[in-house]
Amino acid sequence: MKRFVYFLDDRINLITVLFLFWSLYWGLNGLDKFFNGKSELLLDGWATQATIVDLKEDGAPNKPVYKIQPSTKIGWFGVNRDDKMAMYFRTLHMPRWVAIGSLYFFAVAEIILGAMFLALFFWGLRTEEKRETVKNMFSDRTVHRLAFKGSVLIFVAFSTGDILFGDRMELWEHGTFLVMTLVTYDMWYKSDQFFLDLRRKRLQGIDDDDDTNSRQASSYNLKTDKE
């Protein structure tokens, strides 16, 4: 049981989980723009917003004459991004084709970012030996840096659009996720430097004797030169 716990601790660390979060965030947001919801009328009684009734001569309510029913977007994502983006660009007197072109440009960029973070997630699940013995754009952290840089650039673009379109709620949302991106990058960078330093110590022979430990757990029991 102890070996299994250390195995989970070694393979699934917080940074790996955050990579999974960002892969879902970008991937689903990108796909969101390709699956527009369609408006459908809700006729269920619980959705009725108002009722117009016919009153009797004494003022008592009679049977309902009209009911006001809402419409809602039905679909995988429940939002029509095409219409929403066209409405934004209309405020700047820009044609619909510019809005749609911009929308799907960012949609493709988001899906690419989602794929990059998903690749980083699976890369993080590999053992240290398999990660450090190969030389590629993952081992030299190029994919890591590009994923974070791309995320920041998209949030900057989104925030600029929010200011131009006057949507302060979207600006607050994108600003919050921009901060989350920077926090994630800081956590990844510091933890990566920590594990690189730990690997250097192990190459120098400074290590504990419990092979069942994870890299994270064993870092608290490193031998010193005096021991």
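Rounded to the nearest 10 degrees, the inclination of helix 2-11 to the longest alpha-carbon principal axis of the chain is 70 degrees.
The helix-only estimate of mean residue ellipticity at 222 nm for the chain, built from DSSP H runs of length n ≥ 4 each weighted as -39500 (n - 2.57), is -20500 deg cm²/dmol after division by the residue total. In terms of its alpha-carbon gyration tensor, the chain comes out prolate; a/c meets the 1.5 threshold, and the first ratio a/b outweighs b/c. The distance between label points at residue 66 and residue 132 comes to 7.4 nm (points 7 Å beyond Cα on the Cα→Cβ vector).
Where does helix 142-165 land angle-wise versus the long Cα axis of the chain, in degrees 0 to 90, nearest 10? For helix 142-165, the angle is close to 30 degrees. Note on residue 125/residue 79: beta-carbon distance plugged into 1/(1 + (r/R0)^6) with R0 of 22 Å gives a FRET efficiency of 0.10. The lysines whose alpha-carbon is closer than 26 Å to the alpha-carbon of residue 190, local same-chain residues fewer than 8 away aside, are 130, 135, 149, 201, 223. Ordering 153, 51, 176 by Cα displacement along the dipole of the chain toward the positive end leaves 153 in first place; charges were set at the Cβ atoms of Lys, Arg (+1) and Asp, Glu (-1).
Straight-line reach from residue 56: which lysines have Cα under 26 Å away, leaving out those fewer than 8 places along the same chain? The reachable lysines, counting only those whose Cα sits under 26 Å from residue 56, are 67.
The charge dipole of the stretch 48-151, taken about the Cα centre with unit charges on the Cβ atoms of Lys, Arg (+1) and Asp, Glu (-1), comes to about 340 debye, rounded to the nearest 20. Springs between alpha-carbon pairs under 10 angstrom, Gaussian network model over the chain: which of 135, 190, 73 fluctuates most? Judging by the Gaussian network model, the answer is 135.
Helix 96-125 and the longest principal axis of the C-alpha atoms of the chain enclose an angle of approximately 30°.
Dipole of the chain, Cα-centred, from +1 at each Lys and Arg C-beta and -1 at each Asp and Glu C-beta, to the nearest 20 debye?
About 500 debye.
Each value in this text was obtained by applying a stated rule to the coordinates, not by laboratory testing. A quick note: this is a predicted structure, and the numbers were derived from the prediction, not measured. Positions of Cβ are backbone-derived with ideal geometry, glycine not excepted, and every protein chain shown enters the neighbour counts.
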